[in-house]
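The values are calculated or read from the model by the stated rules, or taken from the named source; none is laboratory data. On a predicted model such as this, the values are computed, not experimentally measured, just so you know. Areas reflect the complete protein model, heavy atoms only, side chains present, ligands, DNA and RNA absent. Shrake-Rupley method; radii C 1.70, N 1.55, O 1.52, S 1.80 Å.
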Amino acid sequence: MKRSSGKRTVFVALVSILMVAGAFGLAHANSSVKSQFLSHYGLASSSPLNTCNTCHTSPPIVNPYGQALLNNGFDVADSTTWDPAFVAAETTDSDGDGFTNLVEINAGFFPGDATSHPVATASTPSILWRNAATGANKVWLMSGTTRTGTANLPAMAKAWTMVGAADFNNDGTPDILWRNATTGANRVWFMGGVDGSTRTGTAVLPAMAAAWTMVGAADLDGDGAPDILWRNAATGANRVWLMSGITRTSTANLPAMAAAWTMVGAE
């Protein structure tokens with residue numbers, strides 16, 4: 001009887017271990033997973049994130065970031081799930097330290113460790129400049145009212161208007177919103193780098209008839225993502241594009257305002 005009981009105990013223990021290991025699903029990060037992670041975020045092999053501890057507390061046990069990947073479909077045996085899971089987990093603050101996973105990864109901190117995070121500092125807006133005659137663009141880097149430096153941005157054809165800035169990819173850096181009133185085309189420059197003055201990518205937004213003026217961007221529906229505000233000065237009509245990142249999810253018509261009025265922005 002004692003032997004039988006002992007066998008049952010060992011069997012139950014083994015089953016429990018297998019169930020726990022299966023539940024984690026995110027195996028000890030092999031070199032392929034780590035290489036794909038580094039490639040996805042443009043990180044060098046010398047990055048502090050080139051380690052199993054990015055996703056694990058003690059392999060195979062996952063940390064909150066590793067759990068976020070699992071929650072978003074990560075399967076270590078299926079490499080086609082890796083990049084989509086990375087992207088899906090970017091806007092989450094897995095370790096609850098006040099910074100999204102993407103912000104921490106870009107800054108070289110561990111998204112699953114609440115003690116590893118960037119230093120929170122008061123955000124000081126930079127000032128964007130546009131030379132409509134030449135297409136040149138520039139940013140003043142500010143500390144309060146003191147200009148600490150300048151940076152030249154890529155030029156943009158004169159037909160384009162720099163409308164404003166808002167963080168469309170939730171990486172903590174404001175991106176630049178553009179409008180071509182001649183063609184109705186719209187675009188976002190994704191910005192990054194140490195001081196936020198490096199264009200890291202572009203995204204094409206849906207077109208809008210030339211009669212409409214893009215006024216600016218603000219989170220009008222309270223979902224944490226900037227929305228885009230429009231004004232038709234000829235008819236007095238006003239409209240909002242409700243956005244999820246760079247995807248227009250819906251539109252909302254605002255009350256009309258007589259054509260003599262100019263919409264300046266939103267706060």
(request) Provide the per-residue ³J(HN,Hα) series for the range 166-183, in order, calculated from phi with Karplus coefficients 6.51, -1.76, 1.60 and θ = phi - 60°, each as a whole number of Hz, with x at glycine and proline positions. (result) 7, 8, 7, 10, 6, 9, x, 10, x, 9, 10, 9, 10, 9, 10, 5, 6, 9
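For the range 199-251, what ratio Rg/Rh do Cα atoms give with a Kirkwood hydrodynamic radius?
Expressed as Rg/Rh, it is 0.99.
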(request) Kindly provide the helix-only [θ] at 222 nm of the chain, computed as the sum of -39,500 (n - 2.57) over DSSP H runs of four or more divided by all residues, to the nearest 500 deg cm²/dmol? (result) -6500 deg cm²/dmol
(request) Using the heavy atoms of the protein chains and a 1.4 angstrom probe, tell me the accessible area per residue for the chain in square angstrom. (result) 55 Å²
(request) For Thr200, list long-range residues whose amide hydrogen, built 1.01 Å from N in the peptide plane, is under 5 Å from its own amide hydrogen. (result) Phe190, Met191, Gly192
(request) Quick one: accessible surface of Tyr41, probe radius 1.4 Å, all protein chains present, in square angstrom to the nearest 10. (result) 30 Å²
(request) Using the Karplus curve 6.51 cos²θ - 1.76 cosθ + 1.60 with θ = phi - 60°, work out ³J(HN,Hα) for each residue of the range 63-70 in order, rounded to whole Hz, and write x for Gly and Pro. (result) 8, x, 5, x, 5, 5, 5, 4
(message) If I compute solvent accessible area with a 1.4 Å probe over the protein chains, what percent of it on the range 78-221 is carbon and sulfur?
(response) 55 percent
(request) Output the direction-averaged projected area (hull surface divided by four) of the convex hull of the alpha-carbon atoms of the chain, in nm². (result) 19.8 nm²
(request) Please calculate the 1.4 Å probe accessible area of Phe110, with all protein chains present, and give it to the nearest 10 Å². (result) 40 Å²
(message) Given 37 °C and 0.692 mPa s, compute D for the range 143-213 with the Stokes-Einstein relation, Rh being the Kirkwood radius over Cα pairs; round to the nearest whole µm²/s.
(response) 247 µm²/s
(message) Could you give each residue of the range 149-165 its phi-based ³J(HN,Hα) in whole Hz, using Karplus coefficients 6.51, -1.76, 1.60 with θ = phi - 60°, and x for Gly or Pro?
(response) x, 9, 9, 7, 9, x, 6, 9, 3, 4, 5, 8, 10, 7, 8, x, 9
(message) Among Thr198, Thr80, Thr91, which one shows the highest mean-square fluctuation when the chain is modelled as a Gaussian network with alpha-carbon springs under 10 Å?
(response) Thr80
